[in-house]
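The values are calculated or read from the model by the stated rules, or taken from the named source; none is laboratory data. Owing to the predicted nature of the structure, the values given are computational and were not obtained by experimental measurement. Neighbour counts run over all protein chains shown; Cβ positions are idealised from the backbone, glycine included. Note: areas computed on protein heavy atoms with side chains; ligands, DNA, RNA excluded. Shrake-Rupley method; radii C 1.70, N 1.55, O 1.52, S 1.80 Å.
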Amino acid sequence: MDNKIKILVVGDVCGRFKQLFQRLESINKKSGPFEILLCVGNFFSDSDKQNEELIAYKNACKTISVPTYILGPTSEVLNKNYKVNECGEICTNLSYLGKRGLYSLSSGVKIAYVSGREKPPEDQQCEAAYYFTKDDIIAVRNLCFVNKSSASDYRGIDILLTSQGPYGLDEQELNSSKLVSFLCKEIKPRYHFHGLSKKYKEPAPFRLPADQTTQLELCTRVISLAAVGNENKEKYIYALSLTPVHRIRVLDLIQKTTNELKCPFADINYKDVNITKEEKHLIITIGEHFYLALAKGPVNDYHILILSITHIPAASQITNDEEWEELLKFKDALRKFFKDQQQVVCFTERNYKSSHLQINCFGIDAGYSWKISHAFEDKAEEFELKFENLKDLNSPQMLPSQGPYFVAELSDDTILITRQMKHFPLHFARDVFCSPNLLNCEEKTDWRDCKLEKAREVELVQNFREKFSKYDFAN
């Protein structure tokens, strides 16, 4: 029990600060100490008069006994209450988490969160702070995945906080979000808390099936909390005592209980969600399973990416023959395209500290093709890396089924691979192609140092699309 982390979660506060913080102090004295209080739903009230209860805490006349973190507004009228300093602090021991993110406690507990409500179709042009979009959901998902060392070692996160509940769990729940369901399905939290429904509901847990992110069938509990001071005296505050997921034995994570529900998210179509990972104006062409996009911060005008439409962590995790065949078709089409431009193309993939399958395509003048393998050798020696040669890459089974890797397909049909990924330089491929012997643009090694204006990106995409059109089997 000494290793357990004590956390409290509360539903919609709606400005009843005095009642909440008195209750918090009582619980903390009796059952604490608690490390943190997390608030979902509407923390503030629509009524300015009701919100005046917070003044005593802002003026330090009263204190908040446990560090408290809240989600953002869900409507325009609530937005004005979020006046915080640069650290997100409203007053001592009361802070705004932010619009979206992943918050890690010193104990190792990881908390993913998304504030606000899903932007409705009729308000797509509205940039209100109280809406979240597909881009926000994808960003949070990627934050959860980015620190894993490979595609197969993901264990889920500890807690997901949203104001809206997930779509598919309760047919009578009108205030639910399909994007929230998608996020829950992808990041696999042990506990998902939400508000806004004004009701306390804690259905039986359900098990999320193994997928291309993890081989483990992980269990999730979705809990809806009532509002503070609700007339029916339904449960509005929830106490957790948990061990961080990264410290739990795998056998304990996958142990099943007798009352589990069928996963309510498995049959929902999410295909349109993933494609917003790249900014839409960067997209060149879209196939059935993959699409081409201009790289952010490209090393030259022909630097593009191959990305999967549905979430696939790495090429080694492709299990569908049609997906693999389309990936090969895109590579073949690009080889033909670059050949007619008097260039050659190389493909690289880094399955290490990445959240989504992304294949870099580097085009370079054909006269320099003989230098490419030498450039790889030089950089491998510089970073003390050892590469092996693959005879072929005609199926996902040629790649490591577990663990991280980096693979490069060179223009002379050489295929280089390494699984030596400890301290692997994240920009290794760009280091090679930006070296003096090739593109001679070492200032572009980090994509963030060479980001283009949107107008220039649009121009490059249009130029590539026009030139590539006769090779484009997808259109």
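Couple of notes before you dig in:
- Residue match in the range 323-341 (condition: modelled with pLDDT of 95 or more, in the same structural domain as P298 (by the TED database), aromatic (F, W, Y) and part of a strand (DSSP E or B)): no
- Test result for S316, farther than 25 Å from S435 by Cβ, open to solvent by 10 Å² or more (accessible area, probe 1.4 Å) and within 22 Å of the chain's Cα centre (by Cα): yes
- Restricting attention to the range 54-64, the residues that are touching a residue at least 24 places away in the same chain (Cβ under 8 Å) and either open to solvent by 80 Å² or more (accessible area, probe 1.4 Å) or in contact with a Ser or Thr (Cβ under 9 Å, 6 or more places away or on another chain) (or both) total 6.
- Residue in the range 289-303 that is in contact with a helix residue (DSSP H, G or I) (Cβ under 7 Å, 6 or more places away or on another chain), in the same structural domain as N360 (by the TED database) and within 30 Å of S197 (Cβ to Cβ) present: no
Results for (1) outside the structural domain of P244 (by the TED database); (2) more than 25 Å from K201 (Cα to Cα); (3) outside any loop (DSSP other than H, G, I, E, B), shown as yes or no for each residue.
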| site | (1), (2), (3) |
| --- | --- |
| G15 | no, no, no |
| K18 | no, no, yes |
| F21 | no, no, yes |
| F43 | no, no, no |
| K49 | no, yes, yes |
| L54 | no, yes, yes |
| C61 | no, yes, no |
| N81 | no, yes, no |
| G98 | no, yes, no |
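- Any hit, the range 332-346, residues being closer than 20 Å to F376 by Cβ, among the aromatic types (F, W, Y) and either open to solvent by less than 40 Å² (accessible area, probe 1.4 Å) or without any contact (Cβ under 8 Å) to a residue 40 or more places away in the chain (or both): yes
- Condition met for T414 (touching a residue at least 12 places away in the same chain (Cβ under 8 Å), open to solvent by less than 10 Å² (accessible area, probe 1.4 Å) and within 12 Å of L390 (Cα to Cα)): no
- Residues within the range 400-419 that are assigned to a loop (DSSP other than H, G, I, E, B) and either aromatic (F, W, Y) or more than 25 Å from the chain's Cα centre (by Cα) (or both), tallied: 5
- Hey, V245 crowded, with 18+ Cβ neighbours inside 10 Å and in the same structural domain as G41 (by the TED database) or not: yes
- For I7, the stated conditions do not hold, so it cannot be described as of a type in the set (V, I, T) and assigned to a helix (DSSP H, G or I).
- Every pair of residues 6+ apart whose Cβ atoms lie under 9 Å, when the first sits in the range 457-473 and is in a loop (DSSP other than H, G, I, E, B) and open to solvent by 70 Å² or more (accessible area, probe 1.4 Å) while the second is small (G, A, S) and modelled with pLDDT of 95 or more: F473/A333
- In the range 82-92, the qualifying residues are those that are surrounded by 17 or more Cβ atoms within 10 Å (Cβ to Cβ) and at pLDDT 90 or above, and the one that is nearest to V140 (Cα to Cα) is I90.
- Pick from the range 66-81, criterion in contact (Cβ under 8 Å) with a residue 40 or more places away in the chain and either within 20 Å of the chain's Cα centre (by Cα) or over 27 Å from V245 (Cβ atoms) (or both), ranking: surrounded by the fewest Cβ atoms within 10 Å (Cβ to Cβ): E76
- Extreme residue, nearest to L385 (Cα to Cα), among residues of the range 431-448 that are open to solvent by 20 Å² or more (accessible area, probe 1.4 Å) and in contact (Cβ under 8 Å) with a residue 24 or more places away in the chain: D431
- Positions within the range 288-304 being open to solvent by less than 10 Å² (accessible area, probe 1.4 Å) and under 21 Å from the mean Cα position of the chain (by Cα), in sequence order: F290, Y291, L292, A293, L294, A295, G297
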